[in-house]
Every structure is written in C-alpha cells, then in structure tokens.
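The structure under discussion appears below in the form of structure tokens.
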Amino acid sequence: IPVDPFDLVIFGGTGDLARRKILPALFRRYCAGQIPPEAVIIGAARADYDASGYRDFAAEAIREFAPGRSCEDGTLGQFLDRLDFVTLDARGDTGWGDLAARLQQGRVRAFYFSVGPGLFGDLAERLHKWGVADPDSRIVVEKPFGHDLATARELNQTLAAHFQESQIYRIDHYLGKETVQNLMAVRFGNMLFEPLWNAQYVDHIQITVAETVGVGGRGEYYDTAGAMRDMMQNHLMQLLCLIAMEPPARFEPDAVRDEKLKVIRALDDVLPHHIVRGQYDAQQGAENAHPSYREAVGNPRSKTESYIALKTHVSNWRWAGTPFYLRTGKRLKARSSVISVMFKETPHSIFGAEAGRHANVLTIRLQPNEGITLQVTIKEPGPGGMRLVDVPLDMTFAEALGPEGSDPPDAYERLIMDVIRGNQTLFMRGDEVEAAWAWTDPIIAGWVRRGEVPKPYDSGSTGPGDADLLMQRDGREWRGIV
Ligand code: NAD
C-alpha cells in the first residue's frame, strides 16, 4: 500500500549513512510501489551539488548498496527524478530560504537528521526559525542520542523546544529488523510461549551482538564512546526490553514504549565483577593483519572498550532471579547477532541418566540468516532404543513466506516508511533513552573511578577469556558465535 505523498529532506544527504542505507532503502521501497510518484526527496548538505549531481551520487550509491534488485527497467530513472538537492549550512543561514521554498503545502514533511550529533540542535532550531517545519512535520534523529544522561536530557530539551514528542523519531535500526518485529509476533501472537516466558521456566537469556569489523573510519568518535555507549546502551538494551517487557495492551507506540521503559527501570545495577571489558589486539601472524584497537584509533593509551560482556537482572515479578547475559564486541570471530532464550531442563527425565538432560532454546537470529528456531528434543530416529536428540524447529519466515531467494527488507526501509505513516512504535521515546543512560552512567563512572583498563583480546577470537569465566562461574556457556 503506497504511503501518502511526502517531502523528505535528508540533512547530511551526501554522507556515509545516506549513501549506504537511506537512499538504497528509499529506492527499494520505490521499487515495491510504496513510494508514490509525487514524493520528493531532497538531499541537504554543505556540498555544492545541483539536482543532477545529486542524482548521479544517488545512482552510484544505489548501484553499490542495492544491487541486483528486481526493479523494472527505467525504475531507477523514475526514482532519481524524485530527487533534488539544496546546499545548506546547518550552522549558518545558507540554503534555508531555498529549502523552505521547495517544500509543498499540504503533504507530510519529514526531516532526517543524518549528520553528526553536534548538529541535531542546530537543525531543530533552524527548521523552526526559518518556518521550514510545520506542526505536523516529523524529525528523524540518528544515534548517538547523547553521550550520557546529562547530554541526552539536554538534547531532548532542545528538540522539545521546537517539536512535540509525537514529531520526534529517534532511530534504533535494530528495532526495524524484520526478525525483531517477528519476535514480538512470536511472543504475543502464540499461546505457546507467553505462559512459559518467566523466571519459573526460563533459566537465563543471552544476547550476543558480535562484529568482525574493527572501528574503521569511526576511530575518533568511537574512542570517546566505546562498546557500552555505542552498542549496549541502545541496541542491546532495546533487544533486552523486547524480550523482557510485559505484553502491551495494544501494539501502539505508547503502549509498547511504556512497557519497555518499565523494563529499563527494573534493571539491576551491574556489579563490577559482573562486567568484562575488552580491547582488541592486532591479529597475530595473519596475512592482511589488522591493526590493534589502539593503533586504529591512534591513541596508544586508550582505555576505551571495544568489547563488553555483562550480567544483569530485571528485578520484577516476572524475571526475579533470571540472569540476562549481554555481550557485544568488534573484531570477533564471526558476525553474529543472536538472542537465546534458554528454558530450564525438564524437572525429571523418565528416560534415565543415559538419555542426558535437555532443554528447549528459542533462538532469534538477527544476522546473518535472519530467523527464529526453537530447539526441541525428540527421539533419535531408528531402532537404537530411546535415544534423545535436539533438533531445531525452523521458523525462518523468509523461506516460508517470502518469494524465493528474497532477502528480508532492510531495517531502514521499514523505519523510514513508518516515519511517513506517522507510526512511532519502533522508535525510542525520550524518557526511554534517558532511562537507558541512567543505567549505563554509573557503570561507566565506576570504570573511570577505578581507572580500569580493558582486557586485551585477540582479533578474530570470541573475546576476552574472562567473559567465558563470567558464564562458567554460573555453570553456563555462551552461544551464538560459531
Ligand atoms: P558523514 O560524516 O559521512 O556525513 C555527514 C553529512 O553531514 C555530510 O553529508 C555532510 O555534508 C553533512 N554536514 C556536515 N556538516 C554540515 C553542516 N554544517 N551543514 C550541513 N550539512 C553538514 O556521517 P554519517 O556516517 O553519514 O553519519 C550521519 C549520522 O548518522 C551520525 O549521527 C552518525 O552517528 C549516524 N549513524 C551513521 C551510521 C553509518 O553507518 N554511517 C550508522 C548509524 C548511525
């Protein structure tokens, strides 16, 4: 179903995110017939492009980052005709009058802040000052949303001076992933899971977000942030919320976000010995060896973590006593984002000791190969007696429901269309972000106070050995990086 005609302005339209994600996502939605032909997409940045130059820029981005899309001949040309460009300075007066003049009355206006966070406030103020935004306009704010609680609060206040909360779309692209939405469908659309979804039947929960890449070109920023701020405070926390939250009464923005907020507020403080921080070393002896973290960020004394693993609890009636283990890191052995809901073993085995002990595991894989599997125990086929084996029940919906060979839509496709439709369910509310910082701030302050240095780990490994010990001390082990 096509969305209503809209004007979308991409501030930072010539940046890396616009090139790799936003423009390709818009093109795919155009191919899917969701973007009406009257829609206008305006790149706005300091660069000196005209419309035709920006179309060339977008065409190249789409060829590189949305290749092989089955799109009829000529569709790329039609899509590019929707693009325009305004040279504009977020900190000055250049370009704003020009931008205001290009927007049309009576249609949805959305402004995507795809610029560094230092410019979010400038953009909000100038959108207001130049009368570019109207009361129904939406702004889309990228991460990072603040550096800590104080800066997040300040940013919320700056945005709130010019926009209502209902106009502000704080992106966490993990929420746009097809499998994350499917997690909610599986949890709340089936009778099977919800009665067991609590401390009585769940042994523990694990969330792993492992990357093989290093800090790349983001070294300067990353060294001021680290894995806690860059990944844990937002992406892993959001995943934890969706797993742990109570069923909202409706799948509506505030109903969902109220429940997520309650989870964050119920999180226990994390004890220092329940956290392992790591920093990757150079790869030893490998061809094309990668530099160490400290070399990559150009800071030989950096104490910033590129890896973090921690154990926490959601202290409420449903989850009391159930540990949540979270870990994320760079330059690890495999690229893998997985949530595992580890159910308890059956209380008694009628098959005797030799059948072993078995437990169900619900695995939600976000990447690669998005999908959900439920590990169940069955009899090993054949005449060999009552031997038990664990097999995965595959709920990989892309294969079951999608056209053959189709990839799930990229998170940005779903999220940008939600902005145009005015649906905030998959976006973070201001109080959620603040609560998440309120939980992370004291943890980070503790490291600083104690002068903690992260543990080195080998590039291409599964992270520091202490993270394995964190699990082993509890008689458990990590899953998810194979
Ligand atoms: P980038 O540095 O590649 O691009 C920044 C853009 O902002 C450019 O188009 C530049 O022209 C424009 N810009 C800079 N100063 C300006 C000014 N004064 N006035 C007008 N335009 C100005 O950055 P990016 O990687 O595209 O990231 C953009 C935002 O998205 C950042 O907040 C980043 O943290 C976030 N983000 C990026 C990625 C990614 O994969 N690149 C992923 C998640 C979030």
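The values are calculated or read from the model by the stated rules, or taken from the named source; none is laboratory data. Source: prediction; values computed, not measured. All Cβ positions, glycine included, derive from the backbone under ideal geometry; neighbour counts span all protein chains shown. Note: areas computed on protein heavy atoms with side chains; ligands, DNA, RNA excluded. Shrake-Rupley method; radii C 1.70, N 1.55, O 1.52, S 1.80 Å.
Each residue in the range 262-277 was checked for being surrounded by 21 or more Cβ atoms within 10 Å (Cβ to Cβ) and more than 19 Å from G446 (Cα to Cα), and 2 of them qualify.
Where strands (runs of 3 or more DSSP E) fall wholly inside the range 370-482, the ranges with 1 or more residues that are open to solvent by less than 30 Å² (accessible area, probe 1.4 Å) and under 23 Å from D230 (Cβ atoms) are 455-457.
Filtering T208, T224 for residues that are touching a Ser or Thr at 6+ places or on another chain (Cβ under 9 Å), open to solvent by 60 Å² or more (accessible area, probe 1.4 Å) and not aliphatic (A, V, I, L, M) leaves a single hit, T224.
Listed by position, the strands (runs of 3 or more DSSP E) inside the range 108-181 whose residues that are aromatic (F, W, Y), within 14 Å of the ligand (Cβ to nearest atom) and modelled with pLDDT of 95 or more number at least 1 are 108-113, 168-170. Whether any residue in the range 64-76 is within 15 Å of the ligand (Cβ to nearest atom) and either open to solvent by 10 Å² or more (accessible area, probe 1.4 Å) or hydroxyl-bearing (S, T, Y) (or both) is what I want to check. Yes, the range 64-76 has at least one match. Do we find that D98 is more than 16 Å from the ligand (Cβ to nearest atom) and not hydrophobic (A, V, I, L, M, F, W, C) in this structure? For D98, the condition - more than 16 Å from the ligand (Cβ to nearest atom) and not hydrophobic (A, V, I, L, M, F, W, C) - is not met. Out of the residues in the range 1-52 that are within 16 Å of the ligand (Cβ to nearest atom), at pLDDT 95 or above and of a type in the set (D, E), which is nearest to S114 (Cα to Cα)? Ranking the candidates gives D16 first.
Close contacts from the range 5-19, counting a first residue that is more than 17 Å from T87 (Cα to Cα) and a second that is near the ligand (Cβ under 6 Å from one of its atoms) and among the polar types (S, T, N, Q), with Cβ to Cβ under 7 Å and a gap of 6+ residues or different chains, come to L17/S114.
Quick grid of which residues meet (1) closer than 23 Å to R473 by Cβ; (2) assigned to a loop (DSSP other than H, G, I, E, B); (3) in contact with a Ser or Thr (Cβ under 9 Å, 6 or more places away or on another chain):
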{"residue": "V270", "(1), (2), (3)": "yes, yes, yes"}
{"residue": "H273", "(1), (2), (3)": "yes, no, no"}
{"residue": "G278", "(1), (2), (3)": "yes, no, yes"}
{"residue": "Q284", "(1), (2), (3)": "no, yes, yes"}
{"residue": "R294", "(1), (2), (3)": "no, no, yes"}
{"residue": "R301", "(1), (2), (3)": "no, yes, no"}
